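A.B. asks: Okay, handing you the structure first.
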């Protein structure tokens, strides 16, 4: 009697069962495809905006130091005050300079009287010389005394003028309009000429915003200056609140070779005064305006070893398409070098496992 061993038939039966299951579930292969989202490549106008960090700079800044030494008699401003050009800031005790002015004025009056007398003497001796009533030496001596008196009067006039200037410098006024810094001196303090720093005044309306860009944007900056088209938008440091807008007015005359950047400056009206010197801000510089450019979402652009590229889909597989990056504005970028992609779909937010040839399926 022959006995069959069913263990030899078990693998064959299992294989037939699995094959039958695969035939009844054709979508099983599709489940292994990577789910991707896509966007249509479109054309349009796109302003190219470059974002960079900037810093506010006072359009004019002056540190006030006294020109004369003395006791502060009056402090006419307070910390943080906005002052106008010519407004009184400090008064130094004028008593000593005023006394000097009085003394120099008195000396000048005396020398003027002496000059008048010596001139009269010289004029009186001149006609007597031809009559031999006086000697030539006497006439020459009288003329010399008159000239000396005139020189002394000129010197006394200069001394009086200097004393008057010193007296005027005891009254310190604002050389520019602007905001006063923190005052550290009060009435009664002794100040020293050309040494004691009384206060700093910053002019902040208008105000400058200084920023740096890669040297590749140097031509765009030059065009912005010549065409008066360099618009900048200034935001707070977190790029959440817009502070104001201005135009590029100055480009530095040297490219920083260490960082390959060039420094530029924009001017803002700063009305109202929201920006303060030294404050860091975010600057959006509109480098240029692209017309009829290929536009895709920013997260559709990938960066590879050979340069930027996008993923397209062909026969349910990812295909790498090299492109040329033109610029970005927010969540949109402009590309070139792939005009045939117009109307095609590109993969956005590519999954980490995605690579050329990967099987993909499009989801919404």
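The values are calculated or read from the model by the stated rules, or taken from the named source; none is laboratory data. None of these values were measured; they are calculated from a predicted model. Neighbour counts are summed over all protein chains in view; Cβ atoms, including those assigned to glycine, are modelled from backbone coordinates with ideal geometry.
A.B. asks: From the list 357, 330, pick out the single residue that is on the phi > 0 side of the Ramachandran plot and under 39 Å from the mean Cα position of the chain (by Cα).
C.D. replies: On the way: 357 fails: under 39 Å from the mean Cα position of the chain (by Cα).
None of the other options fit; the residue is 330.
A.B. asks: Oh, and also: Go through the range 104-154 and give me each residue that's touching a residue at least 24 places away in the same chain (Cβ under 8 Å) and under 60 Å from the mean Cα position of the chain (by Cα).
C.D. replies: Across the range 104-154, the qualifying residues are 104, 105, 107, 108, 111, 112, 148, 149, 150, 152, 153.
A.B. asks: Can you give me the number of residues within the range 288-306 that are in a strand (DSSP E or B) and touching a residue at least 12 places away in the same chain (Cβ under 8 Å)?
C.D. replies: Number satisfying all stated conditions: 12.
A.B. asks: Going by what's in this entry, would residue 165 be described as under 18 Å from residue 69 (Cβ atoms), in a helix (DSSP H, G or I) and under 60 Å from the mean Cα position of the chain (by Cα)?
C.D. replies: yes
A.B. asks: Test residue 334 against the criterion of being modelled with pLDDT of 90 or more and under 30 Å from residue 32 (Cβ atoms), and give yes or no.
C.D. replies: Values: modelled with pLDDT of 90 or more: yes; under 30 Å from residue 32 (Cβ atoms): no.
When the stated conditions are applied, residue 334 does not pass them.
A.B. asks: Sticking with this structure for a sec: Out of all the residues in the range 301-342, which are surrounded by fewer than 15 Cβ atoms within 10 Å (Cβ to Cβ) and touching a helix residue (DSSP H, G or I) at 6+ places or on another chain (Cβ under 6 Å)?
C.D. replies: Listed by number, the list holds a single entry, 331.
A.B. asks: Now for a different question. Given the criteria touching a strand residue (DSSP E or B) at 6+ places or on another chain (Cβ under 9 Å) and not in a strand (DSSP E or B), does residue 221 qualify?
C.D. replies: yes
A.B. asks: Taking the criterion of being closer than 30 Å to residue 340 by Cβ, touching a helix residue (DSSP H, G or I) at 6+ places or on another chain (Cβ under 6 Å) and surrounded by 12 or more Cβ atoms within 10 Å (Cβ to Cβ), would at least one residue in the range 285-294 satisfy it?
C.D. replies: yes
A.B. asks: Please go through the range 175-190 and pick out each residue that is closer than 18 Å to residue 93 by Cα and assigned to a loop (DSSP other than H, G, I, E, B).
C.D. replies: 185, 186, 187, 188, 189, listed by residue number.
A.B. asks: Please list, ordered by residue number, the strands (runs of 3 or more DSSP E) wholly in the range 229-279 having 1 or more residues that are surrounded by 12 or more Cβ atoms within 10 Å (Cβ to Cβ) and in contact with a helix residue (DSSP H, G or I) (Cβ under 7 Å, 6 or more places away or on another chain).
C.D. replies: 242-256, 261-268
A.B. asks: Which residue, of 216, 226, 249, 192, is over 17 Å from the mean Cα position of the chain (by Cα) and either closer than 30 Å to residue 109 by Cα or touching a residue at least 12 places away in the same chain (Cβ under 8 Å) (or both)?
C.D. replies: 192
A.B. asks: Could I ask something else about it? Need the failing condition index for residue 226 against (1) over 24 Å from residue 179 (Cα atoms); (2) modelled with pLDDT of 95 or more, just the number.
C.D. replies: (2)
A.B. asks: Considering only strands (runs of 3 or more DSSP E) fully contained in the range 310-364, which possess at least 1 residues that are closer than 20 Å to residue 290 by Cβ?
C.D. replies: 317-322, 324-329, 332-336, 345-348
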